[in-house]
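Trainee: Let me give you the structure first, and then I'll get to my questions.
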């Protein structure tokens, strides 16, 4: 290239009304504000034990609650996405009815006492229902208009921020924060190193490493946004995370008891290795009350670090591109800002507002409705993952090497987290007592 040749023009930036990161924040804020202002979210009572209880699950009160809440969320989603959907708004509305119906069905299945005892949570059923539909039934274009996996999950993550109370976390979770800070870099670098050894491309490696080391799907989505990654690879990662979660949910609580670990150590181990807050709660409940409290604190400690991880990945990826391509944009503040997943800002702001804008008692009073809203969006997102995933295509993607890298990273995660949990919540805790 001659010195007079001009560099390639920078890629055009999408307006904020076309950026799902900002749109997720715009959709989450009014829901959070409405709850704060006293909105009593209509949440159905879904718990059931046997076929004799099914009638109560499908009672008129429950169906009214499901219908009312779904209409509010679907219409809100359509309004926020209207500019980017254009003429497909009606298609989105129709498709979203299917998606949310499957999401509620997944929550109903997960509410069965027997299935709950095995630790099978709604995200597993939501993914399974989506996969069954995509493999057995047609997925027309109007339905695909409502398959907005990242948009739905990002809304849920912003709402999740409202439950992250920093004062409580710092008071009760200092060992959890230390554990998370020591686990994340070690597991991330090992998984990424192993992925490279298996000749998995770096884009894939970043999403896999972040999912294993932090908190599964939410972290993988933040990493994908930070590197502007391939959505097919993200679907692969989320599917692997959920498939791996099932045996871990079942066998790890058994291992806690078999190894004779204390409830605190066992809870910290489960909280640091299982990839969703729901799976942590389900698994630790099999161990005991102390395990549930400890596991929850450890998992929240990891969730808090999503924002830091997204920033570091944005910075590193920008510098990496510059080192391999001289024409790539310099890793300036503007480039990093462009790559940084904006929904993480909503997550952090929500956490700060609820941590310092309300008393702990008032902030906790919002937990139930916000948790209900968050889980509906998450369930819809996992249905979408199933609808847009073809298992045959996933098997061909990378020849199975990305899954092997994930499993290797998870193996190291289990061993390293066990050692840290034993030290921080066992040895050192007993000395401090």
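Trainee: What does the extension gain come out to for residue 71 and residue 52, with contour length at 0.36 nm per residue minus their alpha carbon separation? Show your work: numbers first, answer last.
Mentor: Details: separation 19, 0.36 × 19 = 6.84 nm, distance 2.88 nm.
Gain on stretching residue 71 to residue 52: 4.0 nm.
Trainee: Ok, one more. Who wins for biggest fluctuation among 408, 211, 110 in a Gaussian network model of the chain, springs between alpha carbons below 10 Å?
Mentor: Ranking 408, 211, 110 by mean-square fluctuation puts 408 first.
Trainee: Right, another one. Given only helices, namely DSSP H runs of n ≥ 4 each adding -39500 (n - 2.57), what is the per-residue ellipticity at 222 nm of the chain, to the nearest 500 deg cm²/dmol?
Mentor: Value at 222 nm, helices only: -23500 deg cm²/dmol.
Trainee: Which distance in nm do the two modelled labels at residue 293 and residue 349 give, with both placed 7 Å along the Cα-to-Cβ direction?
Mentor: That separation, rounded to one decimal, is 3.5 nm.
Trainee: For region 16-432, what relative contact order do you get, as a whole percent, if you take Cα pairs closer than 8 Å and at least 6 residues apart?
Mentor: 27
Trainee: With labels modelled as points extended 7 Å from the Cα through the Cβ direction, what inter-label distance (nm, one decimal) is found for residue 391 paired with residue 61?
Mentor: It works out to 3.9 nm between the two label points.
Trainee: So, in Å, what gap is there between the alpha-carbon centers of region 199-221 and region 361-425?
Mentor: 11
Trainee: How much length would be gained if the chain were fully extended between residue 193 and residue 97, taking 0.36 nm per residue of separation minus their Cα-Cα distance, in nm to one decimal? Can you show the working numbers first?
Mentor: Values: separation 96, 0.36 × 96 = 34.56 nm, distance 4.28 nm.
Length gained, residue 193 through residue 97: 30.3 nm.
Trainee: How much length would be gained if the chain were fully extended between residue 87 and residue 407, taking 0.36 nm per residue of separation minus their Cα-Cα distance, in nm to one decimal?
Mentor: That works out to 110.9 nm of additional length.
Trainee: Let me ask something else. Choose one answer from 361, 150, 121: the residue with the largest mean-square fluctuation in a GNM of the chain with alpha-carbon springs under 10 Å.
Mentor: The residue with the greatest mean-square fluctuation here is 361.
Readers should treat all values here as calculations from the given coordinates under stated rules, not as data from a laboratory. Quick caveat: nothing in here was measured; it's all calculated off a predicted structure. Neighbour counts are summed over all protein chains in view; Cβ atoms, including those assigned to glycine, are modelled from backbone coordinates with ideal geometry.
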